[in-house]
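A.B. asks: If you scroll down you'll find the structure; I have some questions about it.
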Amino acid sequence: MSLMERWEMAARRAARAERLSADEAAVLWREAPLWRLGEIAVARKRAVSGDKVYFNRNFHIEPTNLCVFNCRFCSYRRPKGSPEAWDMTMEQIEEKVRSYVGSGVTEVHIVGGVHPVHDIYYYCDMIRRVKAILPQAAVKAFTAIELSYMIRKAGLTTEQGLRLLADAGMEAIPGGGAEIFDEEIRARICPDKGSTAEWFDVHRTAHRLGIKSNATMLYGHVERIEHRIDHLLRLRALQDETGGLNAFIPLKYRNYGNSMSEIGEVSVIDDLRTLAMSRLILDNVPHIKAYWVMYGRQTTEAALAFGADDIDGTIDDSTKIYSMAGADDSRPRMGVEEMREMVRRAGFRAVERDTLYNEIEK
Ligand code: V47
């Protein structure tokens, strides 16, 4: 069989919404032309969300960049005592949240370093204070790695810990900390970080309790296509089991200012193939998010021709994870009109959503 036939057979199966095996995914990923991946991924996207592309009004709180872990890809962590370290007080967090009263934000995304001292009760208090000031906004908080650390430190089971946080007002869990699930690659890029098993335990338990979550994948470093496929297949299996994932977010490794900088960054073509293949492999995850802060505006617009149906939110210059890693925008912020215009230019219809993808009436 010629190479042409190999990818075309897999492409036809994907276009018919038939589930791809690991081998078929590898053939498509490596051999199909870019235009064909885009064509099928957009068709699959349209079957799920029609001509809609979602965005929200959100901001991040990054309470600290101190961290007990030392991931090699991270440009954000600083050791205690560094002039670039920060550790916000509860009052500073409240002041920041207060500045959004009346702004129409529907989501507060809280993630940061894994703090050496604060415990789960401190984080419950933080969530309560945020909700007291912005009761109409959903709190999407803490990566599975932060959660697992604070829950284990308190001597609680995952279920007990998540219940405490949910009772305080945590409504959803962001997708970070997933990195790459393959244990050998994970050991090379983040040797001391919480494990793949911990990430799955937190998300699986959250889903069982009715808490929705997202999932990410950090790609474009030392992993191979097989590791990306393995990552996506593990997520597809979780979703078959629980149905609790709202969105998948591929995160391109940005190489500025960290200890893997010599690796460089993958091409935009690789980004677009990764988005399309994520849409095709994750046939059971409704939303594929092109996180504009990480890709920059131009690649985000192109991403909409490769199966993405979400571009994240307004952000309002509230996250430093990507600006410290070399992203285009040193102060990321996008107005609602600019987001709508980007989506319109790409040929889709912008729809404002809340954290759980309920549409917000205009
Ligand atoms: O887990 C850190 C990544 C993640 C780098 O759920 C890096 O809606 C690239 O998970 N190059 C945190 N990536 C961010 C995250 C996220 C972002 C936006 C939306 C959502 C959501 C989740 O950032 C980490 C890690 O994978 N990251 N450093 C870097 N140098």
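Throughout, read-outs are computed from the coordinates displayed, never taken from laboratory work. In this text the structure is predicted, and so the values were computed from the model without any measurement. Neighbour counts run over all protein chains shown; Cβ positions are idealised from the backbone, glycine included.
A.B. asks: If you take the beta carbon distance between ARG152 and MET9 as r and set R0 to 41 Å, what does 1/(1 + (r/R0)^6) give as a FRET efficiency, to the nearest 0.05?
C.D. replies: Given R0 = 41 Å and the Cβ-Cβ separation, E is 0.30.
A.B. asks: Sequence-distant or interchain residues sharing an amide H contact under 5 Å with THR216, placed H: which?
C.D. replies: ALA178, ILE249
A.B. asks: While we're here: Can you work out the Karplus-derived ³J(HN,Hα) for every residue in segment 102-119? Use 6.51 cos²θ - 1.76 cosθ + 1.60 with θ = phi - 60°, whole Hz, and x for glycine or proline.
C.D. replies: Each residue's phi maps through the Karplus curve to give x, 8, x, 5, 10, 8, 10, 9, 10, 8, x, x, 7, 5, x, 10, 4, 10 Hz.
A.B. asks: Now, a different point. With Cβ to Cβ distances under 11 Å as the rule, what net charge do the other residues near GLU8 carry (K, R +1; D, E -1)?
C.D. replies: Combined, the nearby Lys, Arg, Asp and Glu give +2.
A.B. asks: Which value in deg cm²/dmol, rounded to the nearest 500, describes the helix-derived mean residue ellipticity at 222 nm for the chain, given -39,500 (n - 2.57) per DSSP H run of n ≥ 4 and division by the residue count?
C.D. replies: Result for the chain, helices only: -13000 deg cm²/dmol.
A.B. asks: Okay, moving on. By its C-alpha gyration tensor, with a ≥ b ≥ c as the square roots of the eigenvalues, how is segment 51-352 shaped: rounded for a/c under 1.5, else prolate for a/b larger than b/c, else oblate?
C.D. replies: Cα axes put segment 51-352 in the rounded bin.
A.B. asks: To the nearest 10 degrees, how steeply does helix 144-153 sit against the main Cα axis of the chain, on a 0 to 90 scale?
C.D. replies: Helix 144-153 and the main axis of the chain meet at about 40 degrees.
A.B. asks: If you don't mind, there's one more thing I want to ask. Quick one: 3J(HN,Hα) in Hz for segment 29-36, Karplus 6.51/-1.76/1.60 with θ = phi - 60°, rounded, Gly and Pro as x.
C.D. replies: Result, rounded to whole Hz: 4, 7, 10, 5, x, 3, 4, 6.
A.B. asks: Here is a follow-up. Which Cys residues of the chain have no other Cys Cβ less than 4.7 Å away and so no disulfide-compatible partner by this rule?
C.D. replies: CYS67, CYS124
A.B. asks: Which cross-chain or sequence-distant (5 or more) residues have an amide H under 5 Å from the amide H of LEU66, H modelled 1.01 Å from N in plane?
C.D. replies: Here ARG78, TRP86, GLY113 satisfy the definition.
A.B. asks: When the chain is modelled as a GNM with alpha-carbon springs shorter than 10 Å, which of GLY176, GLY155, GLY244 fluctuates the most?
C.D. replies: Among GLY176, GLY155, GLY244, the largest GNM mean-square fluctuation belongs to GLY155.
A.B. asks: Here's a follow-up. Identify which of PRO83, PRO116, PRO33 has the largest mean-square fluctuation in a Gaussian network model of the chain, with springs joining Cα atoms closer than 10 Å.
C.D. replies: It is PRO83.
A.B. asks: Please list 3J(HN,Hα) in residue order for segment 76-88, calculated via the Karplus relation 6.51 cos²θ - 1.76 cosθ + 1.60 where θ = phi - 60°; whole Hz, with x for glycine and proline.
C.D. replies: 9, 5, 10, x, 4, x, 5, x, 9, 7, 9, 7, 5
A.B. asks: Something else about it: What ranking of ARG36, ARG279 emerges when the number of other C-beta atoms within 10 Å of each C-beta is taken as an exposure proxy, fewest first?
C.D. replies: Lowest to highest Cβ neighbour count: ARG36, ARG279.
A.B. asks: Return the loop-located trypsin sites (Lys or Arg not before Pro) in segment 56-130 (DSSP other than H, G, I, E, B) with at most 11 other Cβ atoms within 10 Å of their own Cβ; answer none if there are none.
C.D. replies: Loop-located and lightly packed - LYS80.
A.B. asks: Starting from the amide H of ILE288, placed 1.01 Å from N in the peptide plane, find each other amide H under 5 Å away whose residue is 5 or more places distant or on another chain.
C.D. replies: PHE248, ASP309, ASP310
A.B. asks: Distance in nm between label sites at GLU361 and ARG345, each 7 Å beyond Cα in the beta-carbon direction?
C.D. replies: Between GLU361 and ARG345, the label points sit 3.3 nm apart.
A.B. asks: I need the shape label for segment 158-240. Rule: rounded when a/c is under 1.5, else prolate if a/b > b/c, else oblate, with a, b, c from the alpha carbon gyration tensor.
C.D. replies: Taking the square roots of the gyration eigenvalues as a ≥ b ≥ c, segment 158-240 is prolate.
A.B. asks: Of the GluC sites (Glu not before Pro) in segment 37-108, which ones lie in a loop per DSSP and count no more than 13 other C-beta atoms within 10 Å?
C.D. replies: Passing sites in segment 37-108 are GLU84.
A.B. asks: Simple spin-label model, 7 Å along Cα-to-Cβ: SER103 to ALA22 in nm?
C.D. replies: Going from the SER103 label point to the ALA22 one covers 4.4 nm.
A.B. asks: What angle do you read, to the nearest 10 degrees and between 0 and 90, between the alpha-carbon axis of helix 225-242 and the longest principal axis of the chain?
C.D. replies: On a 0 to 90 degree scale, this one is about 70.
A.B. asks: Another question, then. Going by how many other beta carbons lie within 10 Å of each one, how would you line up ILE360, ILE133, ILE120, fewest first?
C.D. replies: Ranked by crowding around the Cβ, least crowded first: ILE360, ILE133, ILE120.
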